[in-house]
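One structure below.
The values are calculated or read from the model by the stated rules, or taken from the named source; none is laboratory data. Since we're looking at a predicted model, the values are computed, not measured. FYI the Cβ positions are ideal-geometry reconstructions off the backbone, even for glycines, and counts take in every protein chain you see. Note: areas computed on protein heavy atoms with side chains; ligands, DNA, RNA excluded. Shrake-Rupley method; radii C 1.70, N 1.55, O 1.52, S 1.80 Å.
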Amino acid sequence: MYYQRLKDLREDNDLPQKQVAAYLGIDQRVYSNYEIGKREIPTRFVVALAKLYGTSTDYILNLTNNPKPY
């Protein structure tokens with residue numbers, strides 16, 4: 001599922017949830033719910049995270065295993 005990829009990307013970049021949540025302008029608890037699959041992540045946040053991590057939205061959404069952006 002995509003939410004595992006959210007967590008993996010964050011951890012691979014040595015970022016705490018609090019810092020990623022601040023980047024998105026949301027509370028850490030809300031972001032945590034995205035990572036555990038409790039809530040669907042809005043499209044605008046997927047796009048923002050793709051920019052943050054230098055990857056594609058397809059990679060974040062687990063539609064490809066190629067992490068390179070298009």
(message) Ignoring ligands, DNA and RNA, please state the percent of accessible area on the chain from carbon and sulfur, probe 1.4 Å.
(response) 48 percent
(message) What is the angle, in °, between the Cα long axis of helix 2-12 and the longest principal axis of the Cα atoms in the chain? Nearest 10 is fine, range 0 to 90.
(response) 80 degrees
(message) Using 0.36 nm times the number of residues separating Leu52 and Asp12, minus their current alpha carbon distance, what extension gain do you get?
(response) 13.2 nm
(request) Return the sequence-ordered ³J(HN,Hα) values of segment 36-49 in whole Hz as given by the Karplus equation 6.51 cos²θ - 1.76 cosθ + 1.60 applied to θ = phi - 60°, using x for Gly and Pro. (result) 9, x, 6, 9, 6, 7, x, 3, 4, 6, 4, 4, 4, 5
(request) Work through the residues other than Leu9 whose Cβ is under 14 Å from its Cβ and net out their charges, Lys, Arg +1 and Asp, Glu -1. (result) -1
(message) If the only charges are +1 at each Lys and Arg Cβ and -1 at each Asp and Glu Cβ, what is the size of the charge dipole of the chain around the Cα centre, to the nearest 20 debye?
(response) 160 debye
(request) Divide, for the chain, the radius of gyration over alpha carbons by 2.2 N^0.38 Å, where N is the residue count. (result) 0.98
(message) Taking the alpha-carbon distance from Lys68 and a cut-off under 20 Å, which aspartates and glutamates remain once sequence neighbours fewer than 8 residues away in the same chain are dropped?
(response) Asp8, Glu11, Asp12, Asp14, Asp58
(request) Would you mind calculating the relative contact order of the chain from Cα pairs under 8 angstrom and at least 6 residues apart, reporting the percent as a whole number? (result) 32 percent
(request) Would you mind getting the accessible area per residue of segment 6-57, heavy atoms of the protein chains only, 1.4 Å probe, in Å²? (result) 60 Å²
(message) Give me the net charge for the shell around Ile41: Cβ to Cβ below 13 angstrom, other residues only, Lys and Arg +1, Asp and Glu -1.
(response) +4
(request) Can you check what the net charge comes to around Pro69, using other residues whose Cβ is under 13 Å from the Cβ of Pro69 (Lys, Arg +1; Asp, Glu -1)? (result) +1
